[in-house]
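Below is one structure, written out as structure tokens; comments come after it.
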Amino acid sequence: MDAKRSSVRLVVAGLLLGLFMSALDQTIVSTAMTKIIERLGGLDKFTWVYSAYMIAMVVSTPIFGKLSDMFGRKRFFLLGIALFMGGSILCGIAQNMVQLIVYRAIQGIGGGALMPIVFTIIFDLFPQEKRGKMMGLFGAVFGLSSVFGPILGATITDNISWRWIFYINVPIGILSFLFILKGYHESANRRRMSIDWLGAILLTASILLLMFALELGGTDGWAWDSWKIVSFFVLSGVLLVGFLVAERFAKDPIIALGLFRKRLFTSSMMISFLYGGVMIAAATYIPLFIQGVFHKTATQTSTVLTPMMLGVVLSSQLGGRVATKFPFRNSMVLSALTLLAGCALLGFAMDLHTSRLTITLYMIVVGLGMGVSFSLLNISTLSSVPPQYKGSASSLITFFRTIGSALGVTVFGAIQKHEFQAGIHALPGADPSLAEKIKGGQALLDPAVQAKMGIPAEALNAMLAKLGDSIVFIFQWSALLPLLALVFAILMGRARLQAQQGPQGPQGPQAQPAADAAGPVSPRS
């Protein structure tokens, strides 16, 4: 970065707007989906409105991260903003569900460029003594988007039109684009590199097959043991092996496998993966529990996650600020223990008779444990790699978190469905055909479905109680993830951002991975 020509204020404003826009679109759509289905139809396809965005983002994230290392951050950030705004406009004018799904994928590709590049630019832009504070600020954006997304989505949908939940991205994106275009200037000192086309193709194909298998598995005609789903998983594994082989011999690999020889880097990736699973479990099943046990509608529970996300915002700020005061290990161990306590409270101290206030307190504990990862893992990752790999390394944090979320929602969904079905079958006079129709029980939360099935009030209450029990069971299993994360946090060693004194005074913190002696990174390792 050319510090003399760049405007820090404009760049920070542009990055914050771009990140907020991308993160917001992962939550703002949820409360508008009912209206969207009423206008466009396609009830059988609506889940792909979420899935298309996530799959496109997962596929494009590591590729854009590497390209930003090769050819500069600015051009690909601006490309990401342009793709995101273009996709948003197209979503706003969509005339059917298929069009909306395709346009959401375009948004996802843009989001895949924005997420990793934002944090890499922050690391390039600020002296090391300020990076922790800024990472905390940007990490808090994720929490704020989760708080404001459902509220903003409901407000816009009820008072204007569902199409404006997409159009609202345009003015935000234009400001972000202009701020970065004018304020951010890069130094032209990048070495010549070749694009690893084979690696990009193999990685893309492997991720696409994996994500399609996870999204389609368990739906009608796509049983988990069907030849189609099994083939997707097998082909994804084969292509992944091919990708790993290709990366060992590529001149400039998409992912430098030698990075994983560093204990700090690998531990950060695995914690991000595990936290992604916990995050999706909490975000998915806490609202369902409130709906089922307290008989609330989806609209009434649109803000139920707000206490947890405020905990995320607070701890994300704290995580960034303590990065220069304590080893990464200390902060992440405390984070994992707090998250473990939160999951244990939800899984072992919560039941059908627990008050809303008590559940809210449990959610705050989960948020406090989770938020540290949004700032600290970016710092630990970027501190552990050479400059030429920072874009790629930053992209992998988002990549592993998203893959963890995708696997988490699939595995936890299967566990919850099995537990719920077992509970329904155990009810006196249970109807096996009805149990199969309601599957994981979420359909019971829709008044229209309740009326259509004609379930007596007493039987409905008994089924909703079983739904609540199955969700509590999920949180019991989810406690395993922060427990594993605790192990990886301990393995981070004594690495920290530590101030060093130079001839002219403090030169800012430098990463001191004292216990991470993996040696130099070789892209072919």
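The values are calculated or read from the model by the stated rules, or taken from the named source; none is laboratory data. Only a predicted model underlies this, so the values are computations on that prediction, with no experimental measurement involved. All Cβ positions, glycine included, derive from the backbone under ideal geometry; neighbour counts span all protein chains shown. Note: accessible area is taken over every heavy atom of the protein model, side chains too, but ligands, DNA and RNA are not part of it. Shrake-Rupley method; radii C 1.70, N 1.55, O 1.52, S 1.80 Å.
Matching residues to (1) touching a residue at least 12 places away in the same chain (Cβ under 8 Å); (2) open to solvent by 10 Å² or more (accessible area, probe 1.4 Å); (3) in contact with a Ser or Thr (Cβ under 6 Å, 6 or more places away or on another chain):
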| site | (1), (2), (3) |
| --- | --- |
| M269 | yes, no, no |
| T284 | yes, yes, no |
| I290 | yes, no, yes |
| T306 | yes, yes, no |
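Among all positions in the range 125-137, there is no residue which is touching a residue at least 60 places away in the same chain (Cβ under 8 Å), farther than 26 Å from M370 by Cβ, within 23 Å of the chain's Cα centre (by Cα) and open to solvent by 60 Å² or more (accessible area, probe 1.4 Å). Taken together, S335, S380, S384, S395 contain a single residue that is crowded, with 24+ Cβ neighbours inside 10 Å, over 18 Å from S146 (Cα atoms) and touching a strand residue (DSSP E or B) at 6+ places or on another chain (Cβ under 8 Å), which is S384. Criterion applied to L407, L334, L345, L357 was being touching a residue at least 40 places away in the same chain (Cβ under 8 Å) and either on the phi < 0 side of the Ramachandran plot or part of a loop (DSSP other than H, G, I, E, B) (or both), and the one residue passing it is L407. Is it the case, given these coordinates, that G139 is in contact with a strand residue (DSSP E or B) (Cβ under 7 Å, 6 or more places away or on another chain) and either polar (S, T, N, Q) or modelled with pLDDT under 80 (or both)? Considered against the rule, which asks whether it is in contact with a strand residue (DSSP E or B) (Cβ under 7 Å, 6 or more places away or on another chain) and either polar (S, T, N, Q) or modelled with pLDDT under 80 (or both), G139 comes out as no.
Return yes when P150 is closer than 29 Å to L310 by Cβ, assigned to a helix (DSSP H, G or I) and modelled with pLDDT under 80 and no when it is not. Yes, satisfied.
Of the residues in the range 23-46, at least one is in a helix (DSSP H, G or I), under 16 Å from S395 (Cα atoms), under 23 Å from the mean Cα position of the chain (by Cα) and touching a residue at least 24 places away in the same chain (Cβ under 8 Å).
Given the residues D25, D69, which is the only one that is touching a Gly at 6+ places or on another chain (Cβ under 8 Å) and either under 22 Å from S194 (Cα atoms) or at pLDDT 85 or above (or both)? It is D69.
Here F265, F273, F326 are screened, and the one residue that is closer than 22 Å to I490 by Cβ and in a loop (DSSP other than H, G, I, E, B) is F326. Applying the criterion of at least 3 residues that are open to solvent by 70 Å² or more (accessible area, probe 1.4 Å) to the helices (runs of 4 or more DSSP H) found wholly in the range 157-227 leaves 169-183, 197-216. Selection of first residues in the range 244-258 that are without any contact (Cβ under 8 Å) to a residue 12 or more places away in the chain and of second residues that are open to solvent by less than 10 Å² (accessible area, probe 1.4 Å), restricted to Cβ pairs under 9 Å at least 6 apart or on distinct chains, gives an empty result.
Scanning the range 48-59 for residues that are open to solvent by 10 Å² or more (accessible area, probe 1.4 Å), out of contact with any helix residue (DSSP H, G or I) (no Cβ under 7 Å at 6 or more places or on another chain) and of a type outside the set (K, R) turns up at least one hit. In the set (1) open to solvent by 30 Å² or more (accessible area, probe 1.4 Å); (2) of a type outside the set (F, W, Y); (3) touching a helix residue (DSSP H, G or I) at 6+ places or on another chain (Cβ under 9 Å), the condition left unmet by A414 is number (3).
When A246 is tested against (1) open to solvent by less than 40 Å² (accessible area, probe 1.4 Å); (2) within 25 Å of the chain's Cα centre (by Cα); (3) among the hydrophobic types (A, V, I, L, M, F, W, C), exactly one condition is not met: (2).
Within the range 376-404, residues that are under 21 Å from V322 (Cβ atoms) and polar (S, T, N, Q) have Cβ atoms under 7 Å from residues that are outside any loop (DSSP other than H, G, I, E, B) and open to solvent by 20 Å² or more (accessible area, probe 1.4 Å) in these pairs: S383/A511; S384/A511, counting only partners at least 6 apart in sequence or on another chain.
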